[in-house]
Amino acid sequence: MKKIVSLVLFVLVSIFSFGQDEPVKKTARPNIPGTFMVDIGVNQAINPPSTWKQGWWGSRTVNLYYQYSMRFGRSKFSLNPVLALVWSVGSLKMAQHLLIPLS
């Protein structure tokens, strides 16, 4: 019995030691300065008109922002310009139903 237990223990220790031979290579992540933001709009109307057909996503907006902070010298002040990509489908349909004709 002692021989079987010691043999099983030896096999388990040797299996775990083989798993530690080669280090795992991690993939390099790009070092992009600044902040990248994703904004997904899922707004729904509370009491929409009967002609206003709205799907499960509601307003259907996706906004992508990239913000980069630029400091003024060594001061605590900075300028934060933003590059934005906005995709909105629901706002045009909502504006058509909410506008009142002037004539």
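The values are calculated or read from the model by the stated rules, or taken from the named source; none is laboratory data. Model, not experiment: these values are computed from the prediction. Virtual Cβ from ideal backbone geometry, glycine too; neighbours counted across all protein chains shown.
Any chance the stretch 65-83 includes a residue that's at pLDDT below 85 and loosely packed, with under 10 Cβ neighbours inside 10 Å?
Looking through the stretch 65-83, none of the residues is at pLDDT below 85 and loosely packed, with under 10 Cβ neighbours inside 10 Å.
Report, ordered by the first and then the second residue, all pairs with beta carbons closer than 6 Å, sequence separation of six or more or different chains, a first member in the stretch 71-99 that is more than 28 Å from residue 48 (Cβ to Cβ), and a second member that is assigned to a loop (DSSP other than H, G, I, E, B) and modelled with pLDDT of 60 or more.
Note: pairs meeting the criteria are 78/69; 80/69.
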